[in-house]
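Okay, structure first, notes after.
The values are calculated or read from the model by the stated rules, or taken from the named source; none is laboratory data. Bear in mind the structure is a predicted one, so any value in this text is a computation, not a measurement. Neighbour counts run over all protein chains shown; Cβ positions are idealised from the backbone, glycine included.
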Amino acid sequence: MIIGFDIGNTNTTLGLYNKEMAPFKTYRYRTERGITSDELGLMVTGFVRNTGYEPEKIKGLALSSVVNEVIEGYKNMSRSFFSCEMYEIDHQSRLSFKINYNNPSELGPDRIVNAEAALREHGGGCIIIDIGTAATFCVLLKDGTFDGGLIAPGIGITINALASNTSRLPRIIFGKPDRLIARDTVNAIKSGFFYGWLSLVEGIIERIKKEYNENFKIIITGGYGSLISGNIPHPCINDPLLTMKGIKYIYDMNI
């Protein structure tokens, strides 16, 4: 049994794995940059026990982190509480695909694990869209080459920015409004965000297809993935566990 961590700027997902690529149990919690290794260890071992297992059952740990400040704390937690070296995924990991990027060290581990899982689960020739704190669009060619992508601000962070920087516009929950043209302020904001984001996703997909003259498969993941994938005209695959699967695939290739 192993533990995988997908550490994002806002939230972290912990997954427990047996032999399968998808975790059989997950736990999502807020990413705290100041958390100590002891606090982490107590939380993680408590989760393992609450799942019905003893920490001694854990034979390995891996992380994909876009938050550099917490990595050393996770590594120390792994040594102290599980007597294991934490495996950190990055561009130097053994991968199933080739990276075509000017400086591969700049490529976020989240994009790396997504590409690995997308290639293994769905094959090449796809656009991988991950909508979290940031929204990433990655191009994976048919021959298994990661050919770059785009990064945009995420939905949650833009909702918070609008509410924080205006005096009369409230913070809203992202979701589909009753109608496109709203007649009150809350639904006007909801409509602007919802249809604005659909248009952004649809537009970038079309521009990438035109750039490559290729009819890519569309794979969507991230917290808002189901809302987006269910409302765009493109056939797409919504895989909320894509990142967690990628962590397990890469761990198995490297350990």
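Here are the criteria: (1) within 17 Å of C138 (Cα to Cα); (2) surrounded by fewer than 21 Cβ atoms within 10 Å (Cβ to Cβ). Tell me which single one G222 does not satisfy.
Only one criterion in (1) within 17 Å of C138 (Cα to Cα); (2) surrounded by fewer than 21 Cβ atoms within 10 Å (Cβ to Cβ) is unmet by G222, namely (2).
Among S229, S191, which is the only one that is crowded, with 19+ Cβ neighbours inside 10 Å, farther than 30 Å from R94 by Cβ and of a type in the set (G, A, S)?
None of the others qualify; the one that does is S229.
From the residues in the range 46-80 that are of a type in the set (S, T, Y) and in contact (Cβ under 8 Å) with a residue 40 or more places away in the chain, which one is surrounded by the fewest Cβ atoms within 10 Å (Cβ to Cβ)?
Filtering the range 46-80 for residues that are of a type in the set (S, T, Y) and in contact (Cβ under 8 Å) with a residue 40 or more places away in the chain, the one surrounded by the fewest Cβ atoms within 10 Å (Cβ to Cβ) comes out as S80.
Among the candidates G154, G144, which residue alone is small (G, A, S) and in contact with a Leu (Cβ under 9 Å, 6 or more places away or on another chain)?
After applying the criteria, what remains is G144.
Does the range 163-176 contain any residue that is outside the structural domain of I7 (by TED's automatic domain parsing), within 18 Å of D239 (Cα to Cα) and in a loop (DSSP other than H, G, I, E, B)?
no
Name the residue that is farthest from N231 (Cα to Cα), counting only residues in the range 137-172 that are in contact (Cβ under 8 Å) with a residue 12 or more places away in the chain and of a type in the set (V, I, T).
Here the answer is T145.
How many residues are closer than 20 Å to D6 by Cα, in contact with a strand residue (DSSP E or B) (Cβ under 7 Å, 6 or more places away or on another chain) and not aromatic (F, W, Y) if we restrict to the range 224-253?
10
Can you find, within the range 96-109, the residue that is farthest from D252 (Cα to Cα) among those that are outside any loop (DSSP other than H, G, I, E, B) and in contact with a strand residue (DSSP E or B) (Cβ under 6 Å, 6 or more places away or on another chain)?
Result: I99.
If a residue must be in contact (Cβ under 8 Å) with a residue 60 or more places away in the chain and within 20 Å of I204 (Cα to Cα), how many such residues does the range 113-135 contain?
So the count comes out to 14.
Quick test of your reading of the structure: E106 fulfils all but one of (1) surrounded by 23 or more Cβ atoms within 10 Å (Cβ to Cβ); (2) more than 14 Å from L242 (Cβ to Cβ). Name the failing condition by number.
The number of the failed condition is (1).
Please verify whether L198 is in the same structural domain as I129 (by TED's automatic domain parsing), part of a helix (DSSP H, G or I), aliphatic (A, V, I, L, M) and in contact (Cβ under 8 Å) with a residue 40 or more places away in the chain, treating the condition exactly as stated.
No, not satisfied.
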